[in-house]
Amino acid sequence: MDEADFKTLLASLPVSWWEADSGLSVVDSGGGAFDDERTARRFLETLRTDHGGPSGAPGAGPYQARFEGRTFDVNWPVLGDGPARRGSRGVAIEVSDRSDGGPYASFADLAPAAAFVRDATGHYLWANYAYAHLYGTTRDALVGRHLSDVDAPGDVVRFLALDQEVLTRGRPVRHALTYRRADGCSGHAAGYRFPVRWGAARCVAGIYVDVTDYTRVLDQRRRAEADLYALRDRSGLLCVRLTPDGRVSEAGAAVADALRVSLSDLIGLSANTLLAETPERAELHRIWDDLISGRRRSAHTYAVLVDRDGWQRRARIHLSTVCGPTPGVSGVWAVGTHLGLRHHAQPSLTAAHVRILALLAAGRSNADIAGTLHLSRQTVDYHISRLRVLLGAATRPALVARAYVLGILSAQAWPPRSATAAHPYSPV
């Protein structure tokens, strides 16, 4: 809550606040204690005249003041000493005449945080609307009841022990707690518990914010992160998280094994150093630009990975953007599947070579291939002989097998086609 929000909150409460300059002249004021600004300024002039403002009793702390039949608790602290004081701020809280109230109750009745006052035995002396709402009841139904009437036995023991700690130490305690909600499930709250005077008795007051929904979201996030790390570390998939500039920020052990490097050496490397100079790399760069710019959220493509020894393995890559608390993409998860066999750099093949390999894989004869590609029989024979040399395969079946092992042909397509074909019915 910023200062503007806080002043807005005070506008509906029986409070008067002010800011004064070094000469104790009021420069700003507000709060809901008075209906008009003239009355508020007359009240402040009375304080300055009757009590001397902060100059009357330096360091004396809060005091009570009467104004037109009303009683206020005033806190106008000393800021510096001597004639050259800087400005100061003060606040006055109207003291309620109700038997169940006091300055604390007057201020906190309409506060959005849950607040209460209990005596040393655990009986509620006062609670605001927000606190009663936590238990699905009203404040009138809560005041006068004991802790054991609204909380589970185990919680009662804990809460009473904490009350006694506060009373014994005589100072506030900041903590988080769980409680039983009206629907029977557990709730979570965070705040302060502190000692107060309620009439002549020393009591315990508390003010809390319900953080149940926030805690639930954190738990869901922790479970999601645990599942993600289990997937990264134990699934055997190649999982890498990349920064927007393309460097490795997280990686699974399977990636380090596939690239034959240690996991610590992998962190911080540019992804470009792990990719072979192939047509797939240029396509991956184009997809990467779309992901980082926000034009796409996910994509599927292929990449040829290069390990520490210079060997290559072809993989299908699934890319998904990660958005952080700030606008824009904070990273990209890359998951590799369908990892090919480890091999030396793939020979450079022409489009004609790839078409011939696809037709060979479909069981076509040399004459059929020549007719389909509108080539002479001699030209097809030459290309097949050349492919046997480039791929190191002596027979037609061996050529087809090598084409699949090296990732030249897609293992998921029929009729056979290039693994990088843009259209399902295109051979390349």
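Confirm whether ARG174 is surrounded by fewer than 13 Cβ atoms within 10 Å (Cβ to Cβ), in a strand (DSSP E or B) and among the basic types (Lys, Arg).
yes
ASP100 fails exactly one of the following numbered conditions: (1) surrounded by 13 or more Cβ atoms within 10 Å (Cβ to Cβ); (2) modelled with pLDDT of 85 or more; (3) assigned to a loop (DSSP other than H, G, I, E, B). What is the number of that condition?
Among (1) surrounded by 13 or more Cβ atoms within 10 Å (Cβ to Cβ); (2) modelled with pLDDT of 85 or more; (3) assigned to a loop (DSSP other than H, G, I, E, B), the lone unmet condition for ASP100 is (2).
Looking at (1) in contact (Cβ under 8 Å) with a residue 60 or more places away in the chain; (2) not in a helix (DSSP H, G or I), which is the one condition that is false for ARG296?
Of everything listed in (1) in contact (Cβ under 8 Å) with a residue 60 or more places away in the chain; (2) not in a helix (DSSP H, G or I), ARG296 misses just condition (1).
Identify the residue in region 290-343 that is out of contact with any Lys or Arg (no Cβ under 9 Å at 6 or more places or on another chain) and among the polar types (S, T, N, Q) and, among all such residues, is surrounded by the most Cβ atoms within 10 Å (Cβ to Cβ).
SER330
Is it the case, given these coordinates, that ARG232 is within 30 Å of ALA334 (Cβ to Cβ), in contact with a Cys (Cβ under 9 Å, 6 or more places away or on another chain) and surrounded by 15 or more Cβ atoms within 10 Å (Cβ to Cβ)?
Spelling it out, ARG232 is indeed within 30 Å of ALA334 (Cβ to Cβ), in contact with a Cys (Cβ under 9 Å, 6 or more places away or on another chain) and surrounded by 15 or more Cβ atoms within 10 Å (Cβ to Cβ).
Going by what's in this entry, would THR212 be described as touching a Cys at 6+ places or on another chain (Cβ under 9 Å) and in contact (Cβ under 8 Å) with a residue 24 or more places away in the chain?
So THR212 fits the description; yes.
Considering ARG221, ARG241, which residue is more than 30 Å from ARG171 (Cα to Cα) and without any contact (Cβ under 8 Å) to a residue 40 or more places away in the chain?
The conditions single out ARG221.
ALA401 - would you say it is modelled with pLDDT under 90, in a helix (DSSP H, G or I) and not β-branched (Val, Ile, Thr)?
It is true that ALA401 is modelled with pLDDT under 90, in a helix (DSSP H, G or I) and not β-branched (Val, Ile, Thr).
Take GLU280 and decide whether it is touching a Phe, Trp or Tyr at 6+ places or on another chain (Cβ under 6 Å) and buried (at least 16 other Cβ atoms within 10 Å of the Cβ).
Judged against the criteria, GLU280 is a match.
Cβ contacts < 6 Å: first residue closer than 20 Å to ILE408 by Cα and in contact (Cβ under 8 Å) with a residue 24 or more places away in the chain, restricted to region 361-383; second residue in a helix (DSSP H, G or I) and not polar (S, T, N, Q), any location; separation 6+ or different chain. Result?
ALA361/VAL400; VAL380/ILE369; VAL380/ALA370; HIS383/ILE356
Sort out which residues of region 186-208 are surrounded by 14 or more Cβ atoms within 10 Å (Cβ to Cβ) and among the hydrophobic types (A, V, I, L, M, F, W, C), and write them in order of number.
ALA189, ALA190, PHE194, VAL196, TRP198, CYS203, VAL204, ALA205, ILE207
The values are calculated or read from the model by the stated rules, or taken from the named source; none is laboratory data. Since we're looking at a predicted model, the values are computed, not measured. Positions of Cβ are generated from backbone atoms using ideal geometry, with glycine treated the same way; all protein chains shown enter the neighbour counts.
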